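Since the structure comes first, as structure tokens, the remarks are kept for the end.
The values are calculated or read from the model by the stated rules, or taken from the named source; none is laboratory data. Since the model is a prediction, treat every value here as computed from it, not as a measurement. Neighbour counts run over all protein chains shown; Cβ positions are idealised from the backbone, glycine included. For accessibility, only protein heavy atoms count, side chains too; no ligands or nucleic acids. Shrake-Rupley method; radii C 1.70, N 1.55, O 1.52, S 1.80 Å.
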Amino acid sequence: VQLQASGGGLVQAGGSLRLSCAASGRTFSTYAMGWFRQAPGKEREFVAAITSSGSSTHYADSVKGRFTISRDNAKNTVYLQMNSLKPEDTAVYYCAAYNAYGLGYDQGGAYDYWGQGTQVTVSS
């Protein structure tokens, strides 16, 4: 699976962005998908995940109620709608395909394939 993230940009605090992650390959619908982010000088952190069917979602506490993950398996795409953005949301955002390995959705080691990242910058 190859992943291509897009949709990042510069936005003022309180604004919104929608990230997209387009996947190649016919197996996209079999993968749970996740979004992670990494701010300068910080470790990568989990943001959100969605099961392969889209029936269940999981969020980091820091984004719960503001971000929404969704997917369209017909379009091989997963989305991250980000509302009420804060300066602390500034980071490079990565999408990834989950393969478990006995790990939870919030563990980066559970993901096999990663996109190249898209920069999100939130100004105060």
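Could you tell me how many of the residues in region 74-85 are more than 13 Å from the chain's Cα centre (by Cα) and either under 14 Å from residue 7 (Cα atoms) or surrounded by 15 or more Cβ atoms within 10 Å (Cβ to Cβ) (or both)? Explain how you work it out, then say what you get.
Let us first name the residues in region 74-85 that are more than 13 Å from the chain's Cα centre (by Cα), namely 74-76, 83-85.
Checking which are either under 14 Å from residue 7 (Cα atoms) or surrounded by 15 or more Cβ atoms within 10 Å (Cβ to Cβ) (or both) leaves us with 76, 83, 85.
So the count comes out to 3.
The residues of region 11-43 that are surrounded by 15 or more Cβ atoms within 10 Å (Cβ to Cβ) and of a type in the set (Lys, Arg) amount to a single one, 37.
The set of residues in region 49-73 being within 18 Å of residue 11 (Cβ to Cβ) and open to solvent by less than 10 Å² (accessible area, probe 1.4 Å) consists of 63, 67. Pairs are defined by a Cβ separation below 7 Å, a sequence spacing of at least 6 or placement on different chains, a first member in region 96-111 that is in a helix (DSSP H, G or I), and a second member that is open to solvent by 40 Å² or more (accessible area, probe 1.4 Å); the pairs so defined are 108/44; 109/101; 109/103; 110/99; 110/101; 110/103. The set of residues in region 86-124 that are touching a Lys or Arg at 6+ places or on another chain (Cβ under 7 Å), open to solvent by less than 30 Å² (accessible area, probe 1.4 Å) and not aromatic (Phe, Trp, Tyr) comprises 91, 108, 122.
How many residues, within region 79-105, are over 15 Å from residue 21 (Cα atoms) and either at pLDDT 95 or above or basic (Lys, Arg) (or both)? If you could, list the steps in order and put the result at the bottom.
Narrowing region 79-105 to residues over 15 Å from residue 21 (Cα atoms): 83-91, 99-105.
Still in the list and also either at pLDDT 95 or above or basic (Lys, Arg) (or both): 83-91.
Of the residues in region 79-105, 9 are over 15 Å from residue 21 (Cα atoms) and either at pLDDT 95 or above or basic (Lys, Arg) (or both).
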